[in-house]
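**Q** I am attaching a structure below and will ask some questions about it afterwards.
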Amino acid sequence: ARVHEVCGPSRTTFAALILGESQGTVIWVSPAWGIERLFPAGLEPFADPGRIIFARARRPEDLLWSVAEALRSGAAPLVLADLPHPPGLTPIRRLHLAAEAGAEAARHRGRLPPLGLLLTPGQGGAQGVESRWHMAPTPSGSTLYESRSAWELTRLRARMAPPARWQVARDRTQGLTMQPLPTNL
C-alpha cells in the first residue's frame, strides 16, 4: 500500500517482471500524447496481457489523478504509471494516502493492498517515494540456442534499506534468478 519509483532504460521490463509475479487485475496508466505505446502482446512472455486495463490520460494532470483513483479504489493489486517526468513531493504524498485508503478498501473485500509503481525516465528523482529502483540491460550471453536476458537492478533509495545491486537473469529453464552484486554507489 505504498508508491515506489522505477527508472532506467529497462523500467518497463521491471514492471513486466512485477506484473508476472502479481495476481489479479492490473491498471496501467500512460499519457495519450506520448509517441511510445506499449504493445500488449509483447507482455505475453511475462504475464497474460488480458489482466491489464490500459488507461490513457489525455492531459498531464489526469495522469496522477488516474493513478490516485486506481489506488484509492483498491480494485487492482498493482497500479503502474508511465510518467514523462518525476512528480513532486505533494503529488507523491497524495498517492501514498490513496494507496492507504485502497489498502483499507481491499482488506474489506479480502484482497491484496494496492502497490503503485511509477515508471520515470532517466535516474528518476521523485521525492517521497517509498523506494527508487533503477534497471538497465547487461550482456546476457544469449545465443541462438539459448534464450537468456539479463539486467542490473539497483536499489537507489529505500526508507528501510541501504542501496544494493543485483544481477537479474531470466531464461526458459531456470526462470528468474537474482545474484547480489557489490555495492559501490
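**Q** Would you calculate a helix-derived [θ] at 222 nm for the chain, using -39,500 (n - 2.57) for each DSSP H run of n ≥ 4 and dividing by the full residue count, to the nearest 500?
**A** Numbers: 3 runs with 45 residues, N = 185.
When only DSSP H runs of four or more count, the value is -8000 deg cm²/dmol.
**Q** Ok, one more. Beyond 20 Å, what percent of the Cα pairs of the range 106-185 remain? Don't skip to the end; give the middle numbers.
**A** Values: 1568 of 3160 pairs.
Summing the P(r) tail past 20 Å for the range 106-185 gives 50 percent.
**Q** Could you work out what % of the accessible surface of the range 110-159 is carbon and sulfur, using a 1.4 angstrom probe and leaving DNA, RNA and ligands out of the count? Walk me through the numbers on the way to the answer.
**A** Details: 1340 of 2560 Å².
Result for the range 110-159: 53 percent of the exposed heavy-atom area is carbon or sulfur.
**Q** Taking only protein heavy atoms and a 1.4 Å probe, what accessible area per residue, in Å², does the chain have with all protein chains in place? Walk me through the numbers before you get to the answer.
**A** Working: 10020 Å² over 185 residues.
With all protein chains present, the chain gives 54 Å² per residue.
**Q** Also, I was wondering about something else. Using only the alpha carbons, work out the radius of gyration and Dmax of the range 1-150 in angstrom.
**A** So, for the range 1-150, Rg and Dmax equal 15.4, 50 Å respectively.
The values are calculated or read from the model by the stated rules, or taken from the named source; none is laboratory data. Note that the structure is a prediction, hence the values are computed from the model and not measured. The protein model used for the area step is the full one, side chains on, heavy atoms only, and it has no ligands, DNA or RNA in it. Shrake-Rupley method; radii C 1.70, N 1.55, O 1.52, S 1.80 Å.
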